[in-house]
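**Q** This is the structure I have questions about; it appears just below.
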Amino acid sequence: MSFLQFDNVTKYYGNRPALQNVTCGMEPGRITGLLGPNGSGKTTMLKLAAGLLQPTAGRVLIGGAAPGPETKKLTAYLPDRVSLPRNFRASDAVALFADFYADFDAAKAVEMLRSLGVEASQRIASMSKGTQEKTQLCLTMSRGAKLFLLDEPLGGVDPATRDYILSTIIRGYTEDATLVISTHIIGDVERILDDVVFIQNGTVAVADSAEHLRETRGKSVDGIFREVFACL
Amino acid sequence: MEWSIRADRPVYLQLLEQLEAAVASGVYAPGERLPGVRELAAQAGVNPNTMQRALAELEARGLVRTQRTAGRTVTDDAQAIAAARRALAERHARDYLASARALGLDDNEAAALLAAVIQEG
């Protein structure tokens, strides 16, 4: 069974459906790309897995258990917007994570921030959006979690830095962890994906391995994505 | 080593080709220890499982081997490396011939042109 399993999940916001009967699984030791246009339901899926939302129907299972305090200990979630207190320095954020998460490796975080050129003394408020995102990503990837949920980790980062961030993710994650990355910037991310799930209007449009898609369709995942979503 | 991975072909095949070329050309010397799977994957910007699969195939072809103590090393079998080099060079030679033919050269002209280019250095 998959480490992260969506089992016929439906989620309504008021009377507006965000997800409808979503069934899919994310495997340990593999990187899954959750791909879809804006508003397709990617963030909702990650929030459900992070235990921040409850499904309207169906269930989400992490290692066989419903999201709760126990699964949150195993889960490193990177939200799609910066959630660090603005008056914090980068070093305060490292201390906060060290207090909060037993699996947090502060030395690793400090080293990652240094290698990405983030000053420990810099305040969140004075950072560019890209630097704030890098800081938050370093903190998230420095956890020894079993499940990483990264919501648009490259959104505000310039293209030149993206490759560096991706190699940071590859070097950083715990062996046998389940990694889920949501993005609509597919071209930059697809080479690091094992599996892809295309989300279209709150339903699963395609779920396959990235290499199998390239082999059978003779196109990049990005090319297939453009094809699938062009006919909307 | 320098990697160049495109997204429109299976990444596994491209890794295999580029690793094979690196061993054949001595970028990784005979007997040299290779970086770990994850490090290689990070350098190439690809998925670690895909890199693992390419390395396993390279091992099946006898160009690298896994040693319990030393990790993964390039083979020190000079013959195996020479054979891989020859196979890759032959593939390039065939590509050249195909291009020359496509341009309308006959095979004598293609061979003469190659000889002339060699002479010019």
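**Q** Taking the range A:216-231 on its own, how many of its residues are surrounded by fewer than 16 Cβ atoms within 10 Å (Cβ to Cβ) and either among the basic types (Lys, Arg) or part of a loop (DSSP other than H, G, I, E, B) (or both)?
**A** 4
**Q** A further question on this structure: Taking the stated definitions as given, is A:LEU213 crowded, with 21+ Cβ neighbours inside 10 Å and either among the hydroxyl-bearing types (Ser, Thr, Tyr) or modelled with pLDDT under 95 (or both)? I'd like the intermediate steps shown before the answer.
**A** On the way: crowded, with 21+ Cβ neighbours inside 10 Å: yes; either among the hydroxyl-bearing types (Ser, Thr, Tyr) or modelled with pLDDT under 95 (or both): yes.
Considered against the rule, which asks whether it is crowded, with 21+ Cβ neighbours inside 10 Å and either among the hydroxyl-bearing types (Ser, Thr, Tyr) or modelled with pLDDT under 95 (or both), A:LEU213 comes out as yes.
**Q** Hey, another quick one. Check the range B:50-60 and report whether any residue there is surrounded by fewer than 14 Cβ atoms within 10 Å (Cβ to Cβ), within 24 Å of A:ARG171 (Cβ to Cβ) and of a type in the set (D, E, K, R).
**A** No: the range B:50-60 contains no residue that is surrounded by fewer than 14 Cβ atoms within 10 Å (Cβ to Cβ), within 24 Å of A:ARG171 (Cβ to Cβ) and of a type in the set (D, E, K, R).
**Q** Please verify whether the range B:42-65 includes one or more residues that are within 13 Å of chain A (Cβ to nearest Cβ), touching an Asp or Glu at 6+ places or on another chain (Cβ under 6 Å) and assigned to a helix (DSSP H, G or I).
**A** So far as the range B:42-65 goes, yes, one or more of its residues are within 13 Å of chain A (Cβ to nearest Cβ), touching an Asp or Glu at 6+ places or on another chain (Cβ under 6 Å) and assigned to a helix (DSSP H, G or I).
**Q** Working only within the range A:1-12, note down all residues that are at pLDDT 95 or above and either assigned to a strand (DSSP E or B) or surrounded by fewer than 16 Cβ atoms within 10 Å (Cβ to Cβ) (or both).
**A** The first filter runs over the range A:1-12 and keeps only residues at pLDDT 95 or above, leaving A:3-12.
Hits for the range A:1-12 are A:LEU4, A:GLN5, A:PHE6, A:ASP7, A:ASN8, A:VAL9, A:THR10, A:LYS11, A:TYR12.
**Q** Checking the structure you have, find out if any residue of the range A:138-155 is on the phi > 0 side of the Ramachandran plot, modelled with pLDDT of 90 or more and in a loop (DSSP other than H, G, I, E, B).
**A** yes
**Q** Could you check how many residues of the range A:209-220 are more than 8 Å from chain B (Cβ to nearest Cβ) and more than 18 Å from the chain's Cα centre (by Cα)?
**A** Of the residues in the range A:209-220, 4 are more than 8 Å from chain B (Cβ to nearest Cβ) and more than 18 Å from the chain's Cα centre (by Cα).
**Q** Does any residue in the range B:108-119 that is more than 13 Å from B:TYR96 (Cβ to Cβ) and not assigned by TED's automatic domain parsing to the domain that holds B:ALA93 come within less than 6 Å, Cβ to Cβ, of a residue that is small (Gly, Ala, Ser) and assigned to a helix (DSSP H, G or I) six or more places away or on a different chain, and which pairs are these?
**A** none
**Q** Quick test for you: out of B:TYR28, B:TYR96, pick the one residue that is assigned to a helix (DSSP H, G or I) and not β-branched (Val, Ile, Thr).
**A** Details: B:TYR28 fails: assigned to a helix (DSSP H, G or I).
B:TYR96 is the lone residue from the list that is assigned to a helix (DSSP H, G or I) and not β-branched (Val, Ile, Thr).
**Q** Conditions first: (1) surrounded by 17 or more Cβ atoms within 10 Å (Cβ to Cβ); (2) of a type outside the set (Ser, Thr, Tyr); (3) within 15 Å of the chain's Cα centre (by Cα). A:ILE124 passes all but one, so which condition is the exception?
**A** Condition (3) is where A:ILE124 drops out.
**Q** Would the range A:169-176 turn up any residue that is among the aromatic types (Phe, Trp, Tyr) and part of a loop (DSSP other than H, G, I, E, B)?
**A** Step one: of the range A:169-176, the residues among the aromatic types (Phe, Trp, Tyr) are A:173.
Those still in the list that are part of a loop (DSSP other than H, G, I, E, B) too: A:173.
Yes; the residues of the range A:169-176 include at least one that is among the aromatic types (Phe, Trp, Tyr) and part of a loop (DSSP other than H, G, I, E, B).
**Q** Being closer than 22 Å to A:ARG214 by Cβ and either part of a loop (DSSP other than H, G, I, E, B) or of a type in the set (A, V, I, L, M) (or both): is that true of B:ARG9 here? I'd like the intermediate steps shown before the answer.
**A** Values: closer than 22 Å to A:ARG214 by Cβ: yes; either part of a loop (DSSP other than H, G, I, E, B) or of a type in the set (A, V, I, L, M) (or both): yes.
So B:ARG9 fits the description; yes.
**Q** Looking at B:ASP95, is it of a type in the set (D, E, K, R) and within 14 Å of chain A (Cβ to nearest Cβ)? If you could, list the steps in order and put the result at the bottom.
**A** On the way: of a type in the set (D, E, K, R): yes; within 14 Å of chain A (Cβ to nearest Cβ): no.
It is false that B:ASP95 is of a type in the set (D, E, K, R) and within 14 Å of chain A (Cβ to nearest Cβ).
**Q** Now for a separate question. Considering only residues of the range A:175-207 that are within 13 Å of another protein chain (Cβ to nearest Cβ) and surrounded by fewer than 18 Cβ atoms within 10 Å (Cβ to Cβ), which is farthest from B:GLN52 (Cα to Cα)?
**A** A:ILE185
**Q** Starting from the range B:1-14, keep only residues that are facing chain A (nearest Cβ under 7 Å) and at negative phi, then list their pairs with residues that are aliphatic (A, V, I, L, M) and in a loop (DSSP other than H, G, I, E, B) whose Cβ atoms are within a distance under 7 Å, requiring at least 6 positions of separation or different chains.
**A** As it stands, the answer is B:ILE5/B:VAL46; B:VAL11/B:ILE5; B:VAL11/B:VAL46, since those pairs meet every condition given.
**Q** B:ALA22 versus (1) hydrophobic (A, V, I, L, M, F, W, C); (2) under 28 Å from A:PHE225 (Cβ atoms); (3) out of contact with any helix residue (DSSP H, G or I) (no Cβ under 7 Å at 6 or more places or on another chain); (4) surrounded by 18 or more Cβ atoms within 10 Å (Cβ to Cβ): which is the lone unmet condition?
**A** In the conditions (1) hydrophobic (A, V, I, L, M, F, W, C); (2) under 28 Å from A:PHE225 (Cβ atoms); (3) out of contact with any helix residue (DSSP H, G or I) (no Cβ under 7 Å at 6 or more places or on another chain); (4) surrounded by 18 or more Cβ atoms within 10 Å (Cβ to Cβ), B:ALA22 misses (2) alone.
**Q** Can you pull out every residue in the range A:23-73 that is under 20 Å from A:ILE185 (Cα atoms), more than 14 Å from chain B (Cβ to nearest Cβ) and not hydrophobic (A, V, I, L, M, F, W, C)?
**A** Within the range A:23-73, A:GLY36, A:PRO37, A:ASN38, A:GLY39, A:SER40, A:GLY41, A:LYS42, A:THR43, A:THR44, A:LYS47 qualify.
The values are calculated or read from the model by the stated rules, or taken from the named source; none is laboratory data. The structure presented is a predicted model; accordingly, all values stated were derived computationally and were not measured. When we count neighbours, we look across all protein chains shown, and the Cβ atoms used for this are built from the backbone with ideal geometry, even at glycine.
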